[in-house]
Amino acid sequence: MTAPEPPAPHDDPAPHGTRADGPWVVHRHRVIYGDTDAMGIVYYGNYLRFFEVGRAELVRARGGTYRGMEEDGLGLPVTEVGCRYHHPARYDDVLEIATRVDEVGRVVLRFEYRITRARDGALLTTGFTRHACVELATGKVARLPDPVRAWLGGHPAREGP
């Protein structure tokens, strides 16, 4: 099974905003000086922050919140991350952070990310994060509750942990 194609670059000049495009949720972010390193390019570790922004916006766009999960005593800590850098982003670039749910198991879920530059669609970064559902009070793994599965958007679940 091949993964659905990420959305095409969007021509809207607005630097911020979120839109759903099939299984992908796309959030725009304008690079600020604080995102860059001494060479004027986005510091490599900040792409993990961009992944987090994309993930939070996907959850919000699907009707959930991380805060709601925490209030229910559950968390989704990152257990694995992968990131490939294709081209650099620079100050004042508008980025499109495309995020989708790639895998849903009983306890584990995986998000996929593609970060492009809005003006030309250049692929800058691809990556993923894998998360485990845990009880915040004990740190023990827990099944993903039905409401969480619901706001994941009914994407096909792969059998897994």
By residue number, the members of the stretch 126-158 that are modelled with pLDDT under 80 and part of a loop (DSSP other than H, G, I, E, B) are 152, 153, 154, 155, 156, 157, 158
Of all the residues that make up the stretch 69-121, how many are free of Cβ contacts under 8 Å to residues at least 60 places away in the same chain, under 30 Å from residue 140 (Cβ atoms) and not polar (S, T, N, Q)? 16
Of all residues in the stretch 24-65, which are part of a strand (DSSP E or B), at pLDDT 95 or above and of a type outside the set (A, V, I, L, M)? 27, 28, 29, 30, 36
Which one is surrounded by the fewest Cβ atoms within 10 Å (Cβ to Cβ), of the residues in the stretch 50-68 that are of a type in the set (A, V, I, L, M) and closer than 18 Å to residue 136 by Cβ? 56
At pLDDT below 95 and either under 16 Å from residue 66 (Cβ atoms) or touching a helix residue (DSSP H, G or I) at 6+ places or on another chain (Cβ under 6 Å) (or both), is that true of residue 161? no
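The values are calculated or read from the model by the stated rules, or taken from the named source; none is laboratory data. Everything quoted here is computed from the prediction, not taken from an experiment. Ideal geometry is used to build each Cβ from the backbone, glycine not excepted, and the neighbour counts take in all protein chains shown.
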